[in-house]
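Worksheet: one structure, shown below.
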Amino acid sequence: MSMPIPFPDMKPVMPELIMTGAAAALLVAELVFRKKAVLGLFSILAAVAVFFVLSMSFGETFNGMFISDAYSMQFKVIFLITLILTVLLSLPYLRRERVENGEYYSLLLFATLGMMLMASAKDLIIVYLGLELMALSTYILAGIKKHDLKSNEAALKYFLLGSFSSALLLYGIALTYGLTTTTDLAAIAAQVGRGGTSPVLLLAMILIASSFLFKIAAAPFHMWAPDVYEGAPTSVTAFMSVGPKAAGFAVIGRVFLTAFPSLQADWTAILIGVAILSMAAGNILALAQTNIKRMLAYSSIAHAGYMLLGIIAGTQKGLSAVLTYLLIYAFMNMGAFAVVILLDKGEEIKDYEGLARSHPLAAAAMLVFMFSLTGIPPTAGFIGKFTIFLAAVQAGHAWVVVIAVIFSAISAYYYLRVVRNMYMRERAEATALRPSWSLGLAICLTVLMVFIIGVMPSVVIGR
Amino acid sequence: MLSKLFFGYFAVVLVTLSIVIITRKNPVHSVLWMLVMFFHIAGLYLFLNAEFLAAVQLILYAGAILVLFLFVIMMLNIKEEVTAKRFIGCWPAGAALGVLFVVMVASTLPVFQQGPPGPFSIEAIKSATHAKALGTLLYAEYLFPFEIASLILLIAIVGAVVLAKKGSNE
């Protein structure tokens, strides 16, 4: 029985193909170009090229394993924005830290490719493989400062805990496959509809959820985040705090709503617990931090909690609120990290004392990002929180939103502490700046977007 | 009954061996115990009528990968595992979580019901021959995951080189 293997439709995977090609080309180009900044610019070009191909790639291919729809496309736009901003942050940072190697950009592109696959996955196998592709690349990126013990620790810790969470995911997938004999998300839902739910399916769902929650750094799977964020190179921390988190939300939204709609009551209950725990752990532990990267790590745990509210709502509106929030979070968080990199010595919250007097523009930018992270209008952070809380209230989870608002108020303390240090504290020798065109561009873009979305939310909402 | 006995043997031995592997002080011993474990995994595949997988398991894992493991361990010249004091001593919490997990699995698995069987019954595989059935599936239906897996391997190689090679900044 020799049957010809039909050639699959390549149009929907075009963006991924370009990304793969660019990442592979970067590996070779690394040998040719001595100036590594060229490679960074090339990766930005690749991201822009992918962006333009994206809108032409609607469709399903590879036996329904891969789908390119509006949902995946919106996530991919967030990934590409994250990638471009990360490259802009990396260019001066790598030069300063003397870790310029070409593989860095290639690994960034591969990590983005993994995220794109996760967002488009319609089969649990693709979810797993995309997640591994993303995770392996980020493990290496976290440890790319080979001579820095903290970077080594970050990479090792992330790798060990990440492998553990992958094992949980595989166990969950295996149980689901045993119950339904399929890994296709829609077919799982259909089979569950025929055969009815069972406690085993619940166990499988919990295992799969644990792995995804690990990736978005939600409590109680958040232990790795502060150490890894602190130890990893700052540009990689910026990337990790947005990219893998967005990819995690992409698969949570897709897998839970497509494959496990029959367990909605169960996973809503679990996610409410996780969301409240994340907001509590993130916001309360952030109060005690003295290192800004650790503080932003705890803040990212808290933000994962807010964003889970959109998934908990379980509605289309909730999902689009998550997307809006992720987009806004990408801009404000990357912006905050850009300012951290801009400062010659900016890792401790103490370092920001007197910044407003010595470098008013940098201080003003940081002020905008801190206000936005707190959620104060007219910045974008307010719009993000507003839409997500509104979606959760409309879905009937008002009490969770009340808790979220309380924790959000607590968060003002540690965000505004940075602002207080900058504007109300004096210091004899304030930290010097390390200006560069790409950092300037990144900060200008992010500040601009934080204000544009904050003042005219219609540019991102209601599309 | 006999099949249950076989499976029980493999299951118990595999779990015991896994524990033995991670508790050995000498890494070479660990690797050699791993060899025994790989043989048992191959046995499990055979028992599932997956001869091709069993052969691959033996040739690739027991034959090639383990040798590489031994090479690396001997090159590093580790006689005894380096032991350091634990940073955090919260093993009761870990043990409690582990017990909770076991209870959860043990309480749900008795109600496990297998889903509808797929198209690949033992007879279908026998008539198509094993390697051919697997190959057709891998290169037609599962082509996409197969290609992603190759990218993951590429990343692993790149990562090993990036992290292991001497930097220009030393």
Report task. Quickly run through segment A:191-207 and pick out the residues that are more than 8 Å from chain B (Cβ to nearest Cβ) and either without any contact (Cβ under 8 Å) to a residue 60 or more places away in the chain or not in a helix (DSSP H, G or I) (or both). Result -> A:Arg194, A:Gly196, A:Thr197, A:Ala204, A:Leu207
Query raised in the report: Can you pull out the residues in segment A:434-461 that are modelled with pLDDT under 90 and small (Gly, Ala, Ser)?
Result: A:Ser436, A:Ser458
**Report entry** All positions within segment A:90-110 that are touching a Leu at 6+ places or on another chain (Cβ under 7 Å) and either hydrophobic (A, V, I, L, M, F, W, C) or more than 10 Å from every other protein chain (Cβ to nearest Cβ) (or both)
**Finding:** A:Pro92, A:Tyr105, A:Leu107, A:Leu108, A:Leu109, A:Phe110
Query raised in the report: Name the residues in segment A:221-240 that are within 14 Å of the chain's Cα centre (by Cα), closer than 11 Å to A:Thr138 by Cα and not aromatic (Phe, Trp, Tyr), would you?
Result: A:Val236, A:Thr237, A:Met240
**Report entry** Among (1) over 18 Å from A:Ile144 (Cα atoms); (2) under 20 Å from the mean Cα position of the chain (by Cα); (3) within 12 Å of chain B (Cβ to nearest Cβ) - the single one A:Phe75 does not satisfy
**Finding:** (3)
Query raised in the report: If you go through segment A:153-160 one residue at a time, do you hit one that is crowded, with 24+ Cβ neighbours inside 10 Å and within 19 Å of B:Ile157 (Cα to Cα)?
Result: yes
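Within the group B:Ile73, B:Ile41, B:Ile59, which residue is under 22 Å from the mean Cα position of the chain (by Cα), in contact (Cβ under 8 Å) with a residue 24 or more places away in the chain and over 30 Å from A:Asp227 (Cα atoms)? Spell out the reasoning first.
On the way: B:Ile73 fails: over 30 Å from A:Asp227 (Cα atoms); B:Ile59 fails: in contact (Cβ under 8 Å) with a residue 24 or more places away in the chain.
Among B:Ile73, B:Ile41, B:Ile59, only B:Ile41 is under 22 Å from the mean Cα position of the chain (by Cα), in contact (Cβ under 8 Å) with a residue 24 or more places away in the chain and over 30 Å from A:Asp227 (Cα atoms).
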Requested in this report: Please specify each residue of segment A:392-407 satisfying the condition of being surrounded by 21 or more Cβ atoms within 10 Å (Cβ to Cβ) and either farther than 15 Å from A:Leu308 by Cβ or small (Gly, Ala, Ser) (or both).
Outcome: A:Ala392, A:Ala404
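For segment A:45-60, state whether one or more residues are of a type outside the set (Ser, Thr, Tyr), more than 12 Å from chain B (Cβ to nearest Cβ), over 30 Å from A:Gln316 (Cβ atoms) and surrounded by fewer than 23 Cβ atoms within 10 Å (Cβ to Cβ). Let's see the steps before the verdict.
Start the filter on segment A:45-60 by keeping residues that are of a type outside the set (Ser, Thr, Tyr), which leaves A:45-54, A:56, A:58-60.
Then keep just the ones that are more than 12 Å from chain B (Cβ to nearest Cβ); that gives A:45-54, A:56, A:58-59.
Filter once more, so that each one left must be over 30 Å from A:Gln316 (Cβ atoms): A:45-46, A:49.
Still in the list and also surrounded by fewer than 23 Cβ atoms within 10 Å (Cβ to Cβ): A:45, A:49.
Yes; the residues of segment A:45-60 include at least one that is of a type outside the set (Ser, Thr, Tyr), more than 12 Å from chain B (Cβ to nearest Cβ), over 30 Å from A:Gln316 (Cβ atoms) and surrounded by fewer than 23 Cβ atoms within 10 Å (Cβ to Cβ).
How do the helices (runs of 4 or more DSSP H) wholly within segment B:101-170 filter down when requiring 1 or more residues that are more than 7 Å from chain A (Cβ to nearest Cβ) and under 30 Å from A:Ile140 (Cα atoms): which remain?
Values: elements: B:122-128, B:130-136, B:143-164.
In segment B:101-170, B:143-164 are the helices (runs of 4 or more DSSP H) which contain 1 or more residues that are more than 7 Å from chain A (Cβ to nearest Cβ) and under 30 Å from A:Ile140 (Cα atoms).
Which is crowded, with 23+ Cβ neighbours inside 10 Å and among the β-branched types (Val, Ile, Thr), of A:Ile144, A:Ile125, A:Ile173?
Details: A:Ile125 fails: crowded, with 23+ Cβ neighbours inside 10 Å; A:Ile173 fails: crowded, with 23+ Cβ neighbours inside 10 Å.
Answer to the selection: A:Ile144.
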Query raised in the report: Within segment A:394-401, is even one residue polar (S, T, N, Q) and assigned to a helix (DSSP H, G or I)?
Result: yes
Query raised in the report: When you go through A:Ala250, A:Ala288 one by one, which is the residue that is outside any helix (DSSP H, G or I) and either surrounded by 24 or more Cβ atoms within 10 Å (Cβ to Cβ) or of a type outside the set (Lys, Arg) (or both)?
Result: A:Ala288
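Going through segment A:37-55 one residue at a time, which ones are more than 18 Å from B:Gly159 (Cβ to Cβ) and touching a helix residue (DSSP H, G or I) at 6+ places or on another chain (Cβ under 7 Å)? Don't jump to the end; show me each part of the working.
Taking segment A:37-55 first, the residues more than 18 Å from B:Gly159 (Cβ to Cβ) are A:37-38, A:40-42, A:44-55.
Scanning segment A:37-55 gives A:Ala37, A:Gly40, A:Phe42, A:Ile44, A:Ala46, A:Ala47, A:Ala49, A:Val50, A:Phe51, A:Val53, A:Leu54.
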Requested in this report: Could you tell me whether A:Thr181 is more than 30 Å from A:Ala286 (Cβ to Cβ) and modelled with pLDDT under 90?
Outcome: yes
Query raised in the report: Checking A:Val228 against (1) within 13 Å of chain B (Cβ to nearest Cβ); (2) of a type in the set (Val, Ile, Thr); (3) touching a Lys or Arg at 6+ places or on another chain (Cβ under 7 Å), which single condition isn't satisfied?
Result: (1)
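For segment A:131-140, give me each residue that is more than 7 Å from every other protein chain (Cβ to nearest Cβ) and either more than 15 Å from the chain's Cα centre (by Cα) or not hydrophobic (A, V, I, L, M, F, W, C) (or both). It would help to see each step written out before you state the result.
Start the filter on segment A:131-140 by keeping residues that are more than 7 Å from every other protein chain (Cβ to nearest Cβ), which leaves A:131, A:134-135, A:138-139.
Hits for segment A:131-140 are A:Thr138, A:Tyr139.
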**Report entry** Residue identified as in a helix (DSSP H, G or I), crowded, with 24+ Cβ neighbours inside 10 Å and in contact (Cβ under 8 Å) with a residue 12 or more places away in the chain among A:Ile383, A:Ile410
**Finding:** A:Ile383
Requested in this report: Answer yes or no: is there a residue in segment A:88-104 that is β-branched (Val, Ile, Thr), surrounded by 24 or more Cβ atoms within 10 Å (Cβ to Cβ) and touching a residue at least 24 places away in the same chain (Cβ under 8 Å).
Outcome: no
Report task. Check A:Pro15 against each of (1) surrounded by fewer than 19 Cβ atoms within 10 Å (Cβ to Cβ); (2) out of contact with any Pro (no Cβ under 6 Å at 6 or more places or on another chain) and name the one condition it does not meet. Result -> (1)
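Taking segment A:142-186, which residues are closer than 14 Å to A:Thr237 by Cβ and either among the aromatic types (Phe, Trp, Tyr) or facing chain B (nearest Cβ under 9 Å) (or both)? Spell out how you get there, then give the answer.
Residues of segment A:142-186 closer than 14 Å to A:Thr237 by Cβ: A:142-145, A:148, A:150-151, A:153-155, A:157-158.
Listed by number, the residues that qualify are A:Gly143, A:Ile144, A:Ala155, A:Tyr158.
The values are calculated or read from the model by the stated rules, or taken from the named source; none is laboratory data. From a predicted model like this one, the values you see are computed outputs, not experimental measurements. Counting neighbours? That spans all protein chains shown, and the Cβs are built from the backbone with ideal geometry, glycine included.
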